[in-house]
Amino acid sequence: MVDKGFHVNSNTPAEDYLIPLKLVFNPGGGLIGGDVVYPKPTMEKYDFGDKPLSVFTGNFELMVKFQVAPDAPAGPGVKVGKLRYQACDNKACYPPKTIEVSVSYSVQ
Amino acid sequence: MPASRFPVWIAAAAVAAGCLFTGCSSETVRAASVKPDKERKEAPDFALKDADGKLVHLSDYRGKVLLLDFWATWCGPCKVEIPWFMDMQRKNKDRGFDVLGVSMDDEGWEVVKPFLSDLQVNYRVVIGNDTTAQLYGGVDALPTTFLIDRGGKIAAVHVGLASKKDFEDGIEQLLQAPSGGITRAALPALLGPALPGAR
């Protein structure tokens with residue numbers, strides 16, 4: 001969730017110099033795949049640009065498609081990844097951040 | 001000597017001394033964002049490398065009015081301000097003004113050099129680090145820009161995109177300020193002893 005008044009660049013920012021939102025999962029473990037489905041961004045105009053920017057604001061969800069690996073052991077597991085994002089408000093921008101993301105699963 | 005000449009002589013000396021102390025021009029600029037002298041704190045010194053690998057100290061700029069800009073290549077508001085700063089550099093470099101950019105790009109010169117080349121930035125840029133940012137209060141938001149007076153004190157801070165006029169007025173006010181050496185304590189010596197008929 002992005003706080004009111006802030007936005008993060010979408011995965012397909014409008015300008016080359018902007019840092020995109022990106023979610024990547026580490027390889028290995030009981031799950032394979034990991035293609036990310038990003039939501040549709042909104043185009044918003046800010047004081048610091050002539051063109052609208054492609055951004056995510058408020059609540060949004062990323063969907064990730066995994067398959068169970070053929071050799072996945074039965075039982076619980078955790079798939080770990082990294083989410084990189086860079087946020088701004090209407091006047092200023094904040095350093096890009098990378099946070100760890102984890103998905104718990106159980107193979108039966 | 002006629003008594004009427006005394007008040008004129010004293011008035012002229014007072015105006016001259018006043019101009020030396022406060023700075024006189026046909027148009028005195030006062031920027032809302034510029035702090036009074038007594039409220040300004042010393043700008044922390046630092047040593048960072050420029051694009052040629054030379055070490056740049058903030059103290060190298062003592063005696064000049066300096067615009068110190070923390071920015072990054074991924075920062076949209078920074079890209080709006082940089083051309084303004086280039087313009088201000090062009091117009092004021094012969095008046096004792098300079099701009100120093102501090103890039104906060106983690107990727108360093110690999111991304112900063114092409115950016116500077118594309119925009120033909122006409123002032124010095126160094127690569128910053130967390131230590132320097134902490135000296136200046138953390139610099140969480142970009143751009144964060146400091147106006148530093150000739151004495152090396154922080155006269156104004158702008159966090160986020162500011163107006164071009166705010167910068168221009170602040171720079172002009174600091175450029176018009178006296179460069180030092182004349183103080184209130186020196187005024188009596190400049191004015192001379194009290195003369196008969198003087199108030």
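General remarks:
- Shape of region A:47-108, Cα gyration tensor, a/c cut at 1.5: prolate
- Chain A: relative contact order in percent, alpha carbon pairs under 8 Å with at least 6 residues between: 33
- Hull volume per residue, based on the alpha-carbon atoms of region B:101-178 and their convex hull, is 110 Å³.
- Footprinting exposure proxy ranking of A:Phe66, B:Phe46, fewest other C-beta atoms within 10 angstrom first, gives A:Phe66, B:Phe46.
- Shielding of B:75-88 by partner chains, average beta-carbon count, 10 Å: 3
- P(r) of chain A over all Cα-Cα pairs, binned every 10 Å from zero, in whole percent: 14, 41, 25, 15, 6, 1
- Shape class for region B:56-122: prolate, because the ratio a/c of the largest to smallest gyration tensor axis (alpha-carbon atoms, square roots of eigenvalues) is 1.5 or more and a/b beats b/c.
- Proximal charge balance of B:Asp149 [Cβ under 9 Å; K/R count +1, D/E count -1]: +2
- Cβ crowding within 10 Å ranks B:Thr144, A:Thr98, A:Thr57 as A:Thr98, A:Thr57, B:Thr144, fewest other Cβ atoms first.
- Shielding by partners, peptide A:92-98 (average Cβ within 10 angstrom, other chains): 6
- Net charge contributed by nearby residues that have their C-beta within less than 15 Å of B:Glu39 (K/R +1, D/E -1): +3
- Karplus-derived 3J(HN,Hα), 6.51/-1.76/1.60, for each residue of region B:133-138, Hz, glycine and proline x: 4, 5, 4, 9, x, x
- Expressed in Å, the radius of gyration and Dmax of the Cα atoms of region B:31-177 are 14.0, 42.
- For A:Val2, residues with placed amide H under 5 Å, excluding near neighbours: A:Gly58, A:Asn59, A:Phe60
- Length gained when the stretch B:Lys164-B:Asp37 is fully extended (0.36 nm per residue, less Cα-Cα span): 43.5 nm
- Separation of region B:35-59 from region A:23-44 is 43 Å, based on Cα centroids.
Throughout, read-outs are computed from the coordinates displayed, never taken from laboratory work. No experiment lies behind these values; they were computed from the predicted model shown. Note: ideal-geometry Cβ built from the backbone for every residue, glycine included; neighbour counts use all protein chains shown.
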